[in-house]
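Single-structure report; data block below.
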Amino acid sequence: MSTAAAYAVSAPDGSFEKLAIERRELGPHDVLIDVKFAGICHSDIHTARDEWGGTSYPCVPGHEIAGLVAAVGSAVTKHQVGDRVGVGCMVDSCGKCEACMAGDENYCVPGSTMTYNTRVSEELQPGGYTLGGYSTQIVVTENFVVSIPEGIGLDVAAPLLCAGVTLFSPLRHWNAGPGKRVAIIGMGGLGHIGVKIAAAMGAEVTVLSHSLSKQADGEKFGAKHYYATSERQTFKDLRSHFDLILNTVSADLPIDNYLKLLRLNGTLVILGLPENPLAAKPFTLAGYRRSLSGSMIGGIAETQEMLNFCAEHGIGAEIEVISADQIDAAYDRVVASDVRYRFVIDAATM
């Protein structure tokens with residue numbers, strides 16, 4: 001066993017406090033990582049505050065992890081001490097099901113082992129459930145550790161491990177590129193990275209945001225067009241216009257209105273997870289052979305592909321680096337949409 005410093009919350013309405021946690025001894029295929037930066041994802045907030053239910057406490061969130069390899073197990077071949085590496089939302093999967101065999105570990109049929117708050121054996125994590133990246137060290141099997149290329153700072157790379165691949169995966173799957181009109185709903189922590197990636201792929205990118213307050217940023221990130229969804233005229237002007245729409249917000253939207261913005265064979269992909277069911281009219285879908293779909297993070301190979309793509313195109317997250325004692329305030333600011341665009345914790349402050 002090894003001991004790491006971490007920041008954890010002990011109740012849904014509790015504040016983050018520093019504590020010592022145990023990490024397992026290195027197995028033959030394990031990698032010990034010195035965490036340098038950990039991004040704050042809205043999923044961290046939902047889990048820490050038990051808004052999705054089933055949270056185990058004390059809870060150490062964090063699945064946007066960037067750091068350096070500190071030690072490797074005897075059989076590790078993919079990484080070596082000193083390597084720049086990252087860990088995203090998963091730390092294991094069954095490795096045997098159809099999804100895993102296809103490189104889609106994020107859709108593992110028995111269920112992936114998530115980086116925090118997943119029940120595991122005491123051998124894998126003392127305490128019986130995974131503890132995440134708000135810590136100074138983490139132990140992860142080598143197959144779930146990705147390489148962060150030179151050319152991306154570890155701080156701006158951290159959010160790519162979740163937000164980046166969450167946008168890259170559907171853009172890649174639905175063939176965003178030259179000649180395709182892509183819309184991003186919302187330009188927050190997820191959306192701003194989606195704009196950058198879609199533009200780098202060569203698509204014509206439009207941002208659909210509640211207001212025009214971030215228009216200058218959107219254009220700087222690569223958007224060709226920017227529309228306010230609070231204006232009814234937007235939905236008239238863009239009727240049957242897009243090949244692909246990615247919805248990054250978790251609010252309950254009038255989804256049928258957005259479906260009508262799709263052209264023939266267009267697809268609207270749900271990435272943000274609203275509380276209530278989606279109200280899509282069958283005729284809206286059938287009339288232009290439109291599709292309503294969803295996507296969840298990405299597989300390990302796809303995550304590596306995303307990092308390589310971002311390094312090639314100079315893409316990183318827009319971040320505000322905070323110290324560990326600012327996590328509670330950062331959570332409140334994320335809920336209030338008061339961040340441009342992603343908080344990242346400096347693990348040196350833990």
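Between region 197-231 and region 260-304, the alpha-carbon centres lie 19 Å apart.
For the chain, with all protein chains in place and a probe radius of 1.4 Å, 49% of the accessible heavy-atom surface sits on carbon or sulfur. When only the Cβ of Lys, Arg, Asp and Glu is charged (+1, +1, -1, -1), the dipole of region 8-162 relative to its Cα centre reaches about 120 debye.
Considering only 53, 176, 14, the residue lying farthest towards the positive end of the dipole of the chain is 176, judged by Cα position with unit charges set on Cβ. What the Cα atoms of region 1-146 give is an Rg and a Dmax of 14.6, 43 Å. Remark: spin-label model distance residue 96-residue 216 equals 5.8 nm, labels positioned 7 Å along the Cα→Cβ axis. In the full protein context, region 163-294 carries 45 Å² of accessible surface per residue, based on a 1.4 Å probe and ignoring ligands, DNA and RNA. Extension gain for residue 286 to residue 228 (0.36 nm times residue separation, less C-alpha to C-alpha distance): 18.2 nm.
Please figure out what share of the DSSP beta bridges in the chain is antiparallel and state it in percent, rounded to the nearest 5.
Of the beta bridges lying entirely in the chain, close to 55 percent run antiparallel.
In a GNM of the chain with a 10 Å cut-off on Cα contacts, which of 186, 27, 39 has the highest mean-square fluctuation? Taking springs between Cα atoms under 10 Å, the residue moving most is 27. When the chain is treated as a GNM with alpha-carbon contacts under 10 Å, the residue of 307, 131, 26 showing the greatest mean-square fluctuation is 26. Using a cutoff of 8 angstrom between alpha carbon atoms and counting only pairs six or more residues apart, the relative contact order for region 25-110 works out to 28 percent. Largest accessible area first, the residues 123, 231, 320, 142 order themselves as 123, 231, 320, 142 under a 1.4 Å probe with ligands, DNA and RNA left out. Calculation over all alpha carbon pairs of region 180-273 in 5 angstrom steps from 0 returns a P(r) of 3, 15, 28, 28, 20, 5, 0 percent. Going down the table (196/224; 180/236; 180/260; 260/281; 224/281), which pairs top 22 Å between alpha carbons? In this structure, 224/281 lie more than 22 Å apart at Cα. Principal axis analysis of the Cα atoms in region 215-326 yields extents of 48, 33, 32 Å, listed in decreasing size.
Need one number for the chain: average projected area of the convex hull over its C-alpha atoms, nm².
Result: 16.7 nm².
Looking at region 28-123, the chymotrypsin sites (Phe, Trp or Tyr not before Pro) that sit in a DSSP loop and have at most 11 other Cβ atoms within 10 Å of their own Cβ are 52. The alpha carbon centroids of region 134-174 and region 53-80 are separated by 12 Å.
Helical content of the chain, expressed as a calculated mean residue ellipticity at 222 nm, amounts to -6500 deg cm²/dmol (DSSP H runs of 4 or more residues, -39,500 (n - 2.57) each, divided by residue number, nearest 500). Database remark: amide H of residue 242 closer than 5 angstrom to the amide H of 262, 263 (H placed geometrically; neighbours at sequence offset of 5 or more, or on other chains; Pro and chain starts carry no H).
Ratio of Rg to Rh for region 63-161: 0.96 [Cα atoms; Kirkwood radius as inverse mean 1/r over pairs].
Between the residues 258, 339, 248, the greatest Cα displacement towards the positive end of the dipole of the chain, with unit charges on the Cβ of Lys, Arg, Asp and Glu, is found for 258.
Here's the list of lysines a cross-link from residue 18 could span, going by alpha-carbon distance under 27 Å and ignoring same-chain residues fewer than 8 apart: 36. For region 230-316, trypsin sites (Lys or Arg not before Pro) meeting the loop criterion (DSSP other than H, G, I, E, B) and having at most 13 other Cβ atoms within 10 Å: 239, 289.
The values are calculated or read from the model by the stated rules, or taken from the named source; none is laboratory data. The shown structure was predicted, so the numbers you read here are calculated from the model rather than taken from an experiment. Counting neighbours? That spans all protein chains shown, and the Cβs are built from the backbone with ideal geometry, glycine included. Please note that ligands, DNA and RNA were not included when accessible areas were found on the heavy atoms of the full protein model with its side chains. Shrake-Rupley method; radii C 1.70, N 1.55, O 1.52, S 1.80 Å.
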